[in-house]
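The values are calculated or read from the model by the stated rules, or taken from the named source; none is laboratory data. Not measured: the values here are computed from a predicted model. Cβ coordinates were reconstructed from backbone atoms using ideal geometry, including for glycine residues, and neighbour counts include every protein chain displayed.
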Amino acid sequence: MTMDITFTDYYRLTKPTVEQVDEWKDYLGSSTAFGNKGLRIIMEATHAGLLNLNDRLYIPSRMAEGVSTFRTGEKPTKIIKHHDLHSDPVGVIRGARFVPTVPDELEDNPDVQNLMSSSAPIKTQLKSIRNLWRAGVFHQDGWRGLGYIQLIGDVYDTTTIDQVNNGLFDAVSTNFQSPGATHCLICAQNWATDGFCEHDWGEMYTEEDDDEDGFKFPAIAIPGVHQYLETSFTAFEADKLATVEVVDRTNTDNNKTIFLPDNFNWEGNLADSTEPIYEFRDFEEDKMANPVKGKNTLSDAEQKVFDVIKKLRSDTKDAILNDFAKKISAMYDKNNHLPYQTDAELDDETAILYTLEDLETADQTIDDAKIEEIENLYQEEFQKMSEEDLLTDEQLEDAKLSTKKRKSLPKTVFCGPNRSFPISDCAHAIAAKRLIGRYQGPGNKADILAGINRRATALGCSNSNDNVDPKPSIEVAKLVPGTKDSLKDIKDNDLQSLHLAIEVELVKRGKKMAYECKECALSDDKLKLAVEELAGVQSIVHEHEDTLIILRNELARTQVEYVDLVDQQVELSASVFADKLEKFAQIGVLSGKYDNLDNAREVIRTEDMEKVEASCADFDWKAAAEKLNDGMSNTPNSTVDDPTINTDSDNTQLPTDLSGPAEEAAENIRELIADGKTRNAKHIYATMKKLKLFPDEMTFESFSAVTIEKPADN
């Protein structure tokens with residue numbers, strides 16, 4: 001059965017400042033002064049990416065998606081007291097939005113970006129939470145999370161307004177459900193669909209998959225969906241009484257979700273506040289006024305960027321453009337230039353455009369399809385340049401790069417990511433400058449253009465599109481006054497001075513590096529050798545792949561055999577134990593320690609078998625068998641009287657030194673002989689001789705001379 005898990009969060013309301021109270025004192029004189037007016041509160045509600053006091057943590061992208069469940073239109077979400085759904089509402093929610101609070105130093109963190117992405121899978125986001133937990137991000141001082149929900153509420157109930165003003169209500173609580181998606185941070189099991197996992201709530205566990213260092217994380221519930229139900233005034237401290245309840249699935253709200261209007265004004269203190277605030281405004285109940293009036297949330301520099309990107313993205317919501325404007329304005333250097341703007345020779349608006357496009361495609365990569373698209377743009381420009389007589393037919397043919405030739409080019413030829421935007425000659429440099437504005441895809445276009453300019457300078461290309469030939473003719477002889485027409489006629493000293501002067505001038509003009517890389521050739525040789533060695537290693541790896549497969553199969557078979565041997569060993573151990581138990585039980589009964597075998601088995605089974613075995617080590621089975629078979633006793637530990645200390649004076653036919661048992665045995669022998677049972681008599685005689693109860697001189701024939709009168713029958 002699928003379950004819905006309800007989350008309850010509490011957060012504090014901060015009292016208004018004295019200045020704010022004075023500003024609206026006409027409306028705060030008494031509860032009756034409000035009439036159709038109300039109390040407007042602005043709340044910094046539940047946070048994402050922040051471990052709260054009830055050990056819960058929410059994913060910012062999923063919280064942002066849940067904001068729309070706060071209804072703000074014709075049927076707004078109600079504000080009640082103490083989560084009492086049967087009581088009359090005291091107010092309504094007028095506005096709701098998600099405010100990201102990602103610190104600048106974490107904007108490029110892949111785990112943070114994953115948590116902020118609405119398309120990231122839940123299990124990947126749980127992995128990112130564990131990574132950030134391990135890095136200590138959630139526990140650092142002053143941490144405010146990755147975003148929060150901001151609510152605007154209108155309170156109409158006069159009693160509640162007085163209670164808020166008097167401090168009787170100092171906290172607000174929200175309830176939300178996560179239908180069908182509540183996951184354990186440790187194992188990612190979905191509690192709502194698959195039931196609870198083995199991890200106990202709040203206990204610390206080691207990550208089961210790949211955490212070799214033994215780092216522990218708490219078993220807490222991470223909601224995958226935020227579906228907000230209501231908002232309540234409470235009288236408790238913030239965060240201390242939040243609970244999680246497991247309830248049956250219900251669907252009592254069929255109201256249509258109405259989103260916040262696009263023209264809703266979020267300017268002013270609402271966005272500037274760093275602490276939860278609550279403000280008063282006088283407004284008509286039937287009108288939707290701007291919640292807060294005040295200074296614009298954008299600085300002058302941010303507003304300038306916003307104006308530019310607003311023209312470029314007129315169909316995009318202002319809230320999104322605001323975020324882009326803030327990010328772009330933060331990139332300006334001390335000279336008021338964006339990254340690569342100077343090297344790319346871009347004006348301000350073009351630099352902003354390229355930076356905006358880079359932010360929009362930050363999560364994309366240049367794949368083979370994009371490489372082909374860029375190559376097609378090159379060919380279009382080459383054709384146009386040929387039609388404009390900027391390229392000869394021969395230059396047009398040379399400019400075409402085959403796949404083989406492209407792969408053979410060194411890495412330094414390419415100015416874009418993933419070996420894109422090759423600048424192998426001046427034709428490519430000029431074509432790239434012409435096509436860069438039409439390119440739509442990942443990669444910082446300003447950075448790419450800056451690289452194109454540097455590459456064109458290195459090739460000696462003209463900045464003009466009218467000149468592709470990088471080799472102007474120079475009459476070197478004219479540079480040295482008084483020289484002849486031939487370089488050979490120039491003196492060595494003059495030629496060296498000329499070379500040095502040209503080199504210095506080229507460095508000043510940026511046409512040549514001040515210090516040439518003397519290790520380039522050696523580095524190329526090392527690279528070539530490394531490539532060859534890598535190819536050799538890869539060949540060896542391929543050769544051993546089959547061996548590895550065979551070894552793995554053999555290991556699998558060995559494992560099966562090992563499991564069979566373990567099973568046999570277990571069975572044999574059980575059999576040996578049973579045999580020992582039976583043997584020791586018999587010894588215990590024979591030695592008189594136990595009454596019967598059942599009692600002996602029951603006791604010995606629960607004792608230490610090694611100690612039992614040691615206690616039975618001196619038991620003589622042979623002696624016990626002899627005693628049991630001597631006809632004199634039924635216990636192996638019975639004793640026999642010494643025949644030398646007890647005689648029978650009445651027996652005149654037998655020696656006078658026989659013991660009582662020996663005399664009794666002799667009498668039995670005589671009776672058996674008298675009855676004609678000679679065989680039985682001989683058996684008793686042999687037993688007594690074996691036990692040395694009859695002396696050596698006593699023979700069986702001596703008994704035949706003795707007659708015993710049987711009593712007469714009455």
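Meeting the requirement of 2 or more residues that are modelled with pLDDT under 80, the helices (runs of 4 or more DSSP H) wholly within the stretch 599-675 are 621-628.
Screening the stretch 1-85 for strands (runs of 3 or more DSSP E) wholly inside it with 1 or more residues that are modelled with pLDDT under 75, under 30 Å from Met116 (Cβ atoms) and in the same structural domain as Phe169 (by TED's automatic domain parsing) returns the ranges 4-12, 39-48.
Only one of the listed residues (Ile549, Ile502, Ile490) is at pLDDT 85 or above and either surrounded by 10 or more Cβ atoms within 10 Å (Cβ to Cβ) or touching a Phe, Trp or Tyr at 6+ places or on another chain (Cβ under 6 Å) (or both). That residue is Ile549.
Filter the stretch 331-380 for residues that are among the hydroxyl-bearing types (Ser, Thr, Tyr), crowded, with 20+ Cβ neighbours inside 10 Å and under 39 Å from the mean Cα position of the chain (by Cα); which is nearest to Ala301 (Cα to Cα)? For the stretch 331-380, the residue satisfying everything is Thr355.
Of all residues in the stretch 319-339, which are assigned to a helix (DSSP H, G or I), touching a residue at least 24 places away in the same chain (Cβ under 8 Å) and not aromatic (Phe, Trp, Tyr)? Break it down stepwise before answering.
Step one: of the stretch 319-339, the residues assigned to a helix (DSSP H, G or I) are 319-329.
With touching a residue at least 24 places away in the same chain (Cβ under 8 Å) added as a condition, the list becomes 319, 322-329.
Matches in the stretch 319-339: Ala319, Asn322, Asp323, Ala325, Lys326, Lys327, Ile328, Ser329.
Applying the criterion of being charged (D, E, K, R) and assigned to a loop (DSSP other than H, G, I, E, B) to the residues of the stretch 143-199, the residue that is surrounded by the most Cβ atoms within 10 Å (Cβ to Cβ) is Asp157.
Of everything in the stretch 683-700 that's surrounded by 15 or more Cβ atoms within 10 Å (Cβ to Cβ) and out of contact with any Leu (no Cβ under 9 Å at 6 or more places or on another chain), which residue is nearest to Ala624 (Cα to Cα)? Please lay out each step first, then the result.
Of the stretch 683-700, the ones surrounded by 15 or more Cβ atoms within 10 Å (Cβ to Cβ) are 684-685, 687-689, 691, 693-694, 698, 700.
Within this subset, residues satisfying the condition of being out of contact with any Leu (no Cβ under 9 Å at 6 or more places or on another chain) are 685, 688-689, 691, 700.
Values: Tyr685: 21, Met688: 17, Lys689: 18, Leu691: 14, Phe700: 27 Å.
In this case the residue turns out to be Leu691.
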